[in-house]
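Remarks on the structure that follows.
Rule-based calculations on the coordinates, nothing more; no lab input. The structure presented is a predicted model; accordingly, all values stated were derived computationally and were not measured. Every residue, glycine among them, receives a Cβ derived from its backbone with ideal geometry; neighbour counts consider all protein chains shown.
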Amino acid sequence: MATAAPRTPELRLRVTGMTCAGCAASVQRAIESRPGVGSASVSVVDGLATVTGADVDPAGVVSAIESRGFGAEVLDEAPDLDTLRSDIESRQLKAEELWRIRAIVGLGVWIPLEALHWTAHAADWHGPWVEWVMLAGATLVLATAGAGFYRSAWAAARRGTSNMDTLISLGATTAYVYSLVVFVLHRLGHAPDQPSYFAEAAALLGIISLGHWIEARATAKAGSAVRELLALQPQHAERLNADGSTESVRSIDLKQGDRIAVRPGGRIPVDGEIVEGIAALDESVVTGESEPRRKGVGEHVTAGAISTDGRLVVQASVDGRHTTLARIAEIVQRAQGTKARIQRLADRVAAVFVPAVLAIAAATFLGWWLAGDLVVGAVSAVTVLIISCPCALGLATPMAVMVGTGEASRRGILVKDATALERAGAATVAVFDKTGTLTHGALEVSEVEVLPGFDEDAVLGLAASVEAASEHPVARAIVRAAVERHIRLQPVDRFTAIPGEGVRGLVNGRAVEVRRDPAATCRVLIDGAHAATIGARDALRTDAKSTVERLRGLGLAVRLLTGDRRAVADRIGAAAGLSPTDVEAEATPEGKVAFVEALPPTSLMVGDGINDAAALSKASLGIAMASGTNIAIESADIVIPGDRVSAVAETIEIARLTLRTIRQNLFFAFFYNAAAIPAAAFGLLGPHGPIIAAIAMAASDITVVGNALRLRATLRAERT
């Protein structure tokens, strides 16, 4: 049997100092210049870099990034929830506070300056004190609110590049220096009619800082999925000691084997097994399934699940730092830092955007100067520098990906990277494996036909008592059916397993025999008399047929691929609403791989990631239905924990809405710059062009982020 391709080693880094898509492109080029690096993905939104390669030197990668003037730190492979939570919260709070202070200073100075300017103009004040106040105010803003912009621009200049802050710094500095020259000329008695633009210099920095503050708050809201996941693990747990006493400990300090008490209504702090109690558990955090499931002794539970109506004692199967919840949060965070292929065009434009804008601004100034209007030339050049917005290009895709992957995780759908979401949105063919995908993957008792004179529960209890010692799938189904009916199993004497036929034994002195046939039907004999016939089948998932219909409604062709006999495959296919022509039966593992490889590139395959791992890894897009906590299926691009096959259709819907939002954002970003820059260059925005440009530039960023938040609202509204 073919095996999935081995996973390429991966390195994750926190990168500081990035302010625009051009910065991210510079970091990516620096990383990819290192030997052993296969690929790199850098996100300016969350400051993460993901590096893959067979022989990557972490120190070398950090050095390469730092040589470009950025900071870099290698992240732990599996950070605990507290570390992730504090890291995300501290970064977001720091960003919001930084821009808030800059906005308060910039606007707090500009508004009085602007008021003074117009009051002086209306009152015909001509004293030098007005210009002195304007100079002092603008200087204060440039030295405080502008300090961060200048540091970033200078760092870019030192490494021979430029970024968004280069444009902002040059725009504010040009307005300030021009005004300073006019101020000096006025003091010398020259050019009395030339206006100064001190207030405009302060306005640029204040308005842009306000825009970035709003953007930072909106970005935090768009990326709330990871924070919400991290908040689901309780910070403290009630650990049971050997002497029967309890103590409160941090959840991340729990060790494998610890026993934890969970009160009714409480959240389970760690993955484990129930050793005492029974309760209805809300596990929607992992599965996306809103209906609680009743679980008891011996069954597995995950961190973050809520015990809705019972007290439980859970024995930890992992330590508190490495729960399923932590792995889900990490998968979502990784996915939000990846790039879709559609972003490549924007990245290529962003890489040359700032130098191109600098050239356009210089040409604008030169053109107006040659035309004999130096003042309009200076104002128009500053307007060009400010109104251009590489940030909107850089945010267009990452913001939508952040929302799409985050909202998918809220529904129990784990998207591993942005390209998977992109391929899901373009899918036209869906191929399902049968066992564990369209079906539950385990036999269930489908019927119990009892002959006259026998009681159904009594016969089922006797059969289950004998079958309890057998590992046969039919035996497990019979035992499970008895347990679900709360039928108590009895001790068995003289148990005998008959290979290929069944089992027999004595239960309370009665001879019980269960004979099986190849069709998974059993005859139960009690004291030699035929008492009942029990049928078992691998049952179709309850939402399988509706999922097939939903996918067809989305325009996808649906196929069934299985190694089962034709009769079984056709029966399951018919139950799911598929015709025999849509069913490929009796396929070997190698045959499944060949079938998948022959599909068009817009196809996807859905399996359980176990017996179809090779085929999943060869599919254009692999979606795995994971059982329990097995969410790290390497052969799949998207993992769906739990039993909801309907999540496949939800994945397609989320992906398509996300792609639509990305296209809208990119169109707006390109259209905005294509229209705004020429308008600024030709002086169409008038003497107050720089202020209008600052407002427009900030609004363009906010529009892109706001459109991503609209996607978030749409997806949440669809779920309610």
**OP:** Place +1 on the Cβ of every Lys and Arg and -1 on the Cβ of every Asp and Glu in the range 213-255, take the dipole about the Cα centre, and give the residue among 245, 232, 216 whose Cα lies farthest towards its positive end.
**Re:** 216
Original post:
Toward the positive end of the charge dipole of the range 442-539, about the Cα centre and with charges on Cβ (Lys, Arg +1; Asp, Glu -1), which of 497, 465, 533 goes farthest?
Top reply: 497
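Taking the Cα centre of the chain as origin, sum charge times position over the Cβ atoms of Lys and Arg (+1) and Asp and Glu (-1), and report the length of that vector in debye to the nearest 20.
Numbers: 69 positive and 78 negative charges, 213 e Å.
Roughly 1020 debye for the chain.
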Subject >> Net charge of neighbours whose Cβ lies under 12 Å from the Cβ of residue 665, counting Lys and Arg as +1 and Asp and Glu as -1 >> reply: +2
**OP:** Could you pull out every residue, at least 5 positions away or on a different chain, whose amide H is within less than 5 Å of the one on residue 36? Hs are placed 1.01 Å off N in the peptide plane, and Pro or chain starts have none.
**Re:** none
Subject >> Environment charge at residue 614 (Cβ cut-off 14 Å; Lys +1, Arg +1, Asp -1, Glu -1) >> reply: -4
Original post:
Looking at 201, 143, 121, which one has the Cα that reaches farthest to the positive end of the dipole of the range 81-222 (charges on Cβ: Lys, Arg +1; Asp, Glu -1)?
Top reply: 143
Subject >> Dipole magnitude of the range 359-425 about its Cα centre (Cβ charges: Lys, Arg +1; Asp, Glu -1), debye to nearest 20 >> reply: 340
Original post:
Residue-wise, which Karplus ³J(HN,Hα) couplings in Hz belong to the range 562-567, taking 6.51 cos²θ - 1.76 cosθ + 1.60, θ = phi - 60°, and x for glycine or proline?
Top reply: 8, x, 5, 4, 4, 4
Original post:
In debye, nearest 20: dipole of the range 243-371 around its Cα centre with unit charges on the Cβ of K, R (+) and D, E (-)?
Top reply: 700
**OP:** Within the range 376-412, which residues have the backbone N less than 17 Å from the label spot 7 Å out from residue 185 along Cα→beta-carbon, could you tell me?
**Re:** 376-382
Subject >> Neighbour net charge for residue 116 - beta-carbon separation under 14 angstrom, K R +1, D E -1 >> reply: -4
Original post:
222 nm [θ] for the chain, helices only, -39500 (n - 2.57) per DSSP H run of 4+, per residue, to 500?
Top reply: -17000 deg cm²/dmol
**OP:** Could you tell me the convex hull volume per residue, in Å³, taken over the Cα atoms of the range 233-323?
**Re:** 78
Subject >> Whole-Å distance, taken between Cα centres, linking the range 175-229 and the range 434-489 >> reply: 74
Original post:
Taking neighbour Cβ counts within 10 Å as the exposure measure, how do 186, 236 sort from fewest upward?
Top reply: 236, 186
**OP:** Give the share of C-alpha pairs in each 10 angstrom bin for the chain, from 0 to the last occupied bin, in whole percents, shortest bins first.
**Re:** 3, 13, 18, 20, 16, 11, 8, 5, 3, 2, 1, 0, 0
**OP:** Using the structure shown, select from 434/618; 295/434; 592/618; 255/416; 434/592 the pairs with a Cα to Cα distance greater than 21 angstrom.
**Re:** 295/434; 255/416
Subject >> Length added when fully stretched, residue 546-residue 147, from 0.36 nm per residue minus Cα-Cα >> reply: 137.8 nm
